[in-house]
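Taking it in order: structure first as structure tokens, then the write-up.
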């Protein structure tokens with residue numbers, strides 16, 4: 001999965017649907033999600049529970065579901081990708097609106113980070129604002145049960161479990177070879193403004209700040 005390697009297309013679509021159905025911060029009923037996605041209620045519940053394990057949604061049986069801060073961030077990423085793809089298809093290629101929406105919905109899940117950035121620049125979107133959306137600096141409340149942080153915000157000497165990696169397939173493959181993959185533990189041994197030294201079961205490695213910001217770790 002390009003851009004959000006740890007999530008499948010179906011998982012991203014479930015997050016997108018929850019975001020679309022949410023109103024006034026109310027919880028979304030699983031029955032409404034089942035109707036919208038045309039999936040069986042049991043399948044919807046299973047998918048939501050998996051997203052809950054990743055800290056992307058807060059789900060309570062019989063009370064519905066809503067996105068966490070991390071889940072909302074993923075939803076914002078997907079929405080941004082859809083918007084720039086739809087604009088490119090309609091404004092530049094002249095594709096009909098309905099067809100452009102359908103194609104953009106398919107492409108948003110496989111868009112690489114590099115192409116995403118180039119499309120954003122091509123369309124004249126402020127790169128500063130674009131980078132703010134995708135810097136992956138997630139602010140977590142102190143009382144949040146799921147304490148997820150970008151590795152770039154992690155404290156020296158702390159050990160955590162990798163939960164998500166927001167990056168393209170090529171870099172994700174390299175990180176996995178270093179033992180940095182969802183479900184694995186790592187320790188941030190030393191960090192400064194540019195370099196982050198981590199220890200995994202595969203050894204000791206150095207990461208730059210941009211890469212560290214895309215690795216979401218749970219305390």
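The values are calculated or read from the model by the stated rules, or taken from the named source; none is laboratory data. Bear in mind the structure is a predicted one, so any value in this text is a computation, not a measurement. Please note: Cβ atoms are built from the backbone with ideal geometry, for glycine as well, and neighbour counts cover all protein chains shown.
Listed by first and then second residue, the pairs linking a residue in region 156-168 that is under 10 Å from residue 214 (Cα atoms) and assigned by TED's automatic domain parsing to the domain that holds residue 204 to a residue that is assigned to a strand (DSSP E or B) and at pLDDT 70 or above, with Cβ atoms under 6 Å apart and 6 or more places separating them unless they lie on different chains, are 164/216; 165/215.
Between 188, 175, 207, the distinction of being within 21 Å of residue 114 (Cβ to Cβ) and assigned to a strand (DSSP E or B) belongs to 207 only. Filter region 87-113 for residues that are closer than 22 Å to residue 75 by Cβ and surrounded by fewer than 15 Cβ atoms within 10 Å (Cβ to Cβ); which is modelled with the lowest pLDDT? The residue in question is 112.
Taking region 190-205, which residues are surrounded by 15 or more Cβ atoms within 10 Å (Cβ to Cβ), over 18 Å from residue 164 (Cα atoms) and in contact with a strand residue (DSSP E or B) (Cβ under 6 Å, 6 or more places away or on another chain)? Outline the logic, then answer.
If we filter region 190-205 for residues that are surrounded by 15 or more Cβ atoms within 10 Å (Cβ to Cβ), which is where we start, we get 191, 196-200, 205.
Subset that is over 18 Å from residue 164 (Cα atoms): 191, 197, 205.
Hits for region 190-205 are 197, 205.
Note down all Cβ pairs under 8 Å where the first residue falls in region 1-28 and is within 18 Å of residue 107 (Cβ to Cβ), the second is modelled with pLDDT under 85 and part of a helix (DSSP H, G or I), and they're at least six residues apart or on different chains. Correct list of pairs: 1/169; 2/113; 2/169; 3/113; 3/116; 5/169; 5/172.
From the set of residues in region 37-52 that are in a loop (DSSP other than H, G, I, E, B) and touching a helix residue (DSSP H, G or I) at 6+ places or on another chain (Cβ under 9 Å), which is surrounded by the most Cβ atoms within 10 Å (Cβ to Cβ)? Quick ask: steps written out before the conclusion?
At the first step, the residues of region 37-52 found to be in a loop (DSSP other than H, G, I, E, B) are 38-40.
Still in the running and touching a helix residue (DSSP H, G or I) at 6+ places or on another chain (Cβ under 9 Å): 39-40.
Working: 39: 18, 40: 10.
Step by step, filter region 37-52, then rank; the result is 39.
Looking at residue 34, is it free of Cβ contacts under 8 Å to residues at least 40 places away in the same chain and either out of contact with any helix residue (DSSP H, G or I) (no Cβ under 9 Å at 6 or more places or on another chain) or not in a loop (DSSP other than H, G, I, E, B) (or both)? Taking the combined requirement at face value, the residue satisfies it. The one condition from (1) in contact with a helix residue (DSSP H, G or I) (Cβ under 6 Å, 6 or more places away or on another chain); (2) in a helix (DSSP H, G or I); (3) surrounded by 21 or more Cβ atoms within 10 Å (Cβ to Cβ) that residue 70 does not meet is (1).
Checked against the criteria, residue 118 does not count as farther than 23 Å from residue 17 by Cα, under 14 Å from the mean Cα position of the chain (by Cα) and modelled with pLDDT under 85. The single condition among (1) in a loop (DSSP other than H, G, I, E, B); (2) buried (at least 17 other Cβ atoms within 10 Å of the Cβ) that residue 58 does not satisfy is (1). Residues in region 134-151 that are under 17 Å from the mean Cα position of the chain (by Cα) and at pLDDT below 85: 12 in all.
The criterion of being at pLDDT below 85 and more than 21 Å from residue 56 (Cβ to Cβ) holds for residue 210.
Does residue 78 qualify as being modelled with pLDDT of 75 or more and crowded, with 18+ Cβ neighbours inside 10 Å?
Numbers: modelled with pLDDT of 75 or more: yes; crowded, with 18+ Cβ neighbours inside 10 Å: yes.
Answer is yes for this residue.
Do we find a residue being closer than 26 Å to residue 57 by Cα, touching a strand residue (DSSP E or B) at 6+ places or on another chain (Cβ under 8 Å) and exposed (fewer than 15 other Cβ atoms within 10 Å of the Cβ) anywhere in region 162-179? For region 162-179, residues closer than 26 Å to residue 57 by Cα, touching a strand residue (DSSP E or B) at 6+ places or on another chain (Cβ under 8 Å) and exposed (fewer than 15 other Cβ atoms within 10 Å of the Cβ): absent.
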